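I have placed the structure first, in the form of structure tokens, so that the comments after it can refer back to it.
The values are calculated or read from the model by the stated rules, or taken from the named source; none is laboratory data. Computed from a prediction, not measured in an experiment: that's the story for all the values here. Cβ sites come from the backbone with ideal geometry, for glycine too, and all protein chains shown count toward neighbours. The area values use the complete protein model at the heavy-atom level, side chains included, leaving out ligands, DNA and RNA. Shrake-Rupley method; radii C 1.70, N 1.55, O 1.52, S 1.80 Å.
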Amino acid sequence: MALFCIRIAIIHIFLQLFLTPSDNYGFLRGVTSLGINYGQIGNNLPQPEKVLDLLSSLKLTKARIYDTNPQVLTAFANSNVELIVTVENQMLAVLMDPQQALQWVSNHIKPYFPATRITGIAVGNEVFTDSDTTLLASVVPAIVSIHGALAQLGLDTYIQVSTPNSLAVLAESYPPSAGSFKTEVSGIMSQYLQFLSSTKAPFWINAYPYFAYKDKPDEVPLDYVLFNPNAGMVDPYTKLHYDNMLYAQVDAVLFAIARMGFGGIEVGVSETGWPSKGDADEVGAIVDNAAAYNKNILRRQLKNEGTPLRPNMKLEVYLFALFNEDMKPGPTSERNYGLFQPDCTMVYNVGISALSSPSSTSTASISLTSSATKDTSMENLVYLQFMIFLTFHVFMRRAC
């Protein structure tokens, strides 16, 4: 009887992954556009006004910056571009203090909103896996303080607060159903997930299939990481089929969240990309691969795709990056993730004109939205029954 109750409890946890308040009546989330990371670590980058013109010509309506650069926030005012801004890691300890957080929001956010469409604040970047372990103790208090400051100023319903994580936060990621967080971060991760659950903010992940291929090119199929046609893999427990690594990585995060007892948290990709150039030991860092990876992501976005675990919840993806940044430290690849050179010419053609909407008047534009509403009540019922069956089957086998 006790074993039966445990099985039922596990099923309940995993059903939270699929039946969420935001997914009622069809599991379908609102259509969103592709985003791009606008880094500024370069001495030859265009002025923010010119960057806005470039984004507008591409019909990109979402961008993420790695600070709260007032020049960017001012230039992007009265545009249709939604911005996620970033609190630098070194500020986290200070912003644990609610009064300091209020002052920061008052100085860095309030003067620009709502003219500049700030929709998110990334509190730090990859803090859970940073070598400076003192940051880990600061991140959740800083997030809570910033959210409190937004609420005090009446901005919390417009601006979400979260923090991007490296995929290295996972202890297991293969197969996706084995996804779990590292034990050393589980305590603070639980606090963070509780915050996301209560505020409906997304869990952001920086996911780079390129690194998996670079490290094991003889074991990881190139077509699988590039979204090219391939046999893919089947998760042995869920029987879900994956034809690319990025979706498998995202679903591994979803399973890790569910294992912590949380459901209904959206997972988005805050960074993903492929370098067009690298050092001799950076296998796969070439133009052809970079073009294929980003072009294929664009095509998937046009289809309003979700991952195999959440097929009808469109996956939000921010490409890395807009420009090649010549002052970034590290190997050659770090300076060559951009879709564009600093002079706004393309590093390579990702098929922008081929992907443009037929009604578009600009040959350089891409349409990244859709009015697709393909769900039906019967499809939802079948999907739910299928997931209940799979979940029960998996955990019956594991428990026996």
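Are any of the residues in the range 107-124 closer than 30 Å to His241 by Cβ and under 23 Å from the mean Cα position of the chain (by Cα)? Taking every residue of the range 107-124 in turn, none turns out to be closer than 30 Å to His241 by Cβ and under 23 Å from the mean Cα position of the chain (by Cα).
Taking (1) open to solvent by 10 Å² or more (accessible area, probe 1.4 Å); (2) in a helix (DSSP H, G or I); (3) touching a Ser or Thr at 6+ places or on another chain (Cβ under 7 Å); (4) not acidic (Asp, Glu) in turn, Ala291 satisfies each apart from (3). For the range 193-228, filtering for residues that are open to solvent by 10 Å² or more (accessible area, probe 1.4 Å), under 26 Å from Pro275 (Cα atoms) and not basic (Lys, Arg) leaves 16.
Evaluating Phe18 against the criteria (1) modelled with pLDDT of 95 or more; (2) open to solvent by less than 30 Å² (accessible area, probe 1.4 Å) leaves one unmet condition, (1).
Residues in the range 164-184 that are surrounded by fewer than 19 Cβ atoms within 10 Å (Cβ to Cβ) and assigned to a helix (DSSP H, G or I): 4 in all.
Taken over the range 258-288, residues that are under 16 Å from Asn244 (Cβ atoms) and open to solvent by 20 Å² or more (accessible area, probe 1.4 Å) amount to 0. Do the conditions hold for Val250, that is, is it in a helix (DSSP H, G or I), among the β-branched types (Val, Ile, Thr), buried (at least 18 other Cβ atoms within 10 Å of the Cβ) and in contact with a strand residue (DSSP E or B) (Cβ under 7 Å, 6 or more places away or on another chain)? Spelling it out, Val250 is indeed in a helix (DSSP H, G or I), among the β-branched types (Val, Ile, Thr), buried (at least 18 other Cβ atoms within 10 Å of the Cβ) and in contact with a strand residue (DSSP E or B) (Cβ under 7 Å, 6 or more places away or on another chain). Out of all the residues in the range 264-282, is one or more closer than 24 Å to Glu172 by Cβ, modelled with pLDDT under 95 and touching a helix residue (DSSP H, G or I) at 6+ places or on another chain (Cβ under 7 Å)? Checked the range 264-282: at least one residue is closer than 24 Å to Glu172 by Cβ, modelled with pLDDT under 95 and touching a helix residue (DSSP H, G or I) at 6+ places or on another chain (Cβ under 7 Å).
Are any of the residues in the range 249-270 of a type in the set (Ser, Thr, Tyr) and under 21 Å from Phe323 (Cα atoms)? There is at least one residue in the range 249-270 that is of a type in the set (Ser, Thr, Tyr) and under 21 Å from Phe323 (Cα atoms). Selection over the range 224-247 of residues that are part of a helix (DSSP H, G or I) and of a type in the set (Val, Ile, Thr) gives a count of 1. Among the residues making up the range 315-341, those that are closer than 18 Å to Leu52 by Cα and either touching a strand residue (DSSP E or B) at 6+ places or on another chain (Cβ under 6 Å) or modelled with pLDDT under 95 (or both) are Tyr318, Leu319, Phe320, Ala321, Leu322, Phe323, Gly338, Phe340. Take the conditions modelled with pLDDT under 95, of a type in the set (Ser, Thr, Tyr), open to solvent by 40 Å² or more (accessible area, probe 1.4 Å) and part of a loop (DSSP other than H, G, I, E, B) and apply them to Tyr25. Does it pass? Yes, satisfied.
Return the total of residues in the range 43-82 being in a strand (DSSP E or B) and out of contact with any Phe, Trp or Tyr (no Cβ under 6 Å at 6 or more places or on another chain).
Going through the range 43-82 one residue at a time, the tally reaches 2.
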